[in-house]
Amino acid sequence: MSKSTYKLMVCIAPQNEGEKLCAVANENGAAGGTLLLGRGTAHNSILQLLGIGDTSKDIAQIIVKSDAFATVAEAIKAAEATQRSHYGVLLSMDVIDFYRAGDDMSSFIEKDSTMDNNNLGGELIQVIVNKGYADDAMAAARKAGAFGGTVINARGTAKPDDKKFFGMQIVPEKEILLIVVPKDKATEVYNAICSISCLSEKGSGIVFRLPVCGYELLGK
């Protein structure tokens, strides 16, 4: 199959707005999302164009099926919050492969990439798991040939059926593991991560792959 089945949607918005964008996305065909806290660092000239200044930002990552992407993107662009001047940025990338914890592994793990990536320098494997499990994923990746990775603290987005404490929704803390691997090792590393025991339980995480056009290791 030469066309990606999923896309990664990334929304950069003012702090405390990411939850709203994920809610709009979910109402229009997406399923969940992950929020990272960041800050803009752009100069004033770029700020006028993109609205990313030196202020706190929500970075919402949402996996969307390709056939639903246009609907979700249009819903986000039409949302009341996004009508404000210089609100933020919406971008997307094709996902090479996608695995959701608890699903039948045979449906998601494949011998070869589902996307024609012969010209890519490597792949970025992104693992989103409940806090405390990123090290397990990294250990499996190392055994399969990966050199190292980077862990980012994040949180999930609340859903109507989430548990509540004193009327407030309890949103689980997440860890995002980023691993860049050469193209010839990517499938083996991806399969090894998808096979770890903590991902056998539904709702415990997702794993997906993104193309990298080129990369270098810096330093001696």
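Odds and ends about this structure:
- Flag if V64 is modelled with pLDDT of 90 or more and in a strand (DSSP E or B): yes
- Boolean, A192 is modelled with pLDDT of 95 or more, more than 20 Å from the chain's Cα centre (by Cα), farther than 30 Å from E17 by Cα and surrounded by 16 or more Cβ atoms within 10 Å (Cβ to Cβ): no
- Residues satisfying the stated conditions in the range 169-188, i.e. modelled with pLDDT under 85 and out of contact with any strand residue (DSSP E or B) (no Cβ under 7 Å at 6 or more places or on another chain): Q169
The values are calculated or read from the model by the stated rules, or taken from the named source; none is laboratory data. Source: prediction; values computed, not measured. Virtual Cβ from ideal backbone geometry, glycine too; neighbours counted across all protein chains shown.
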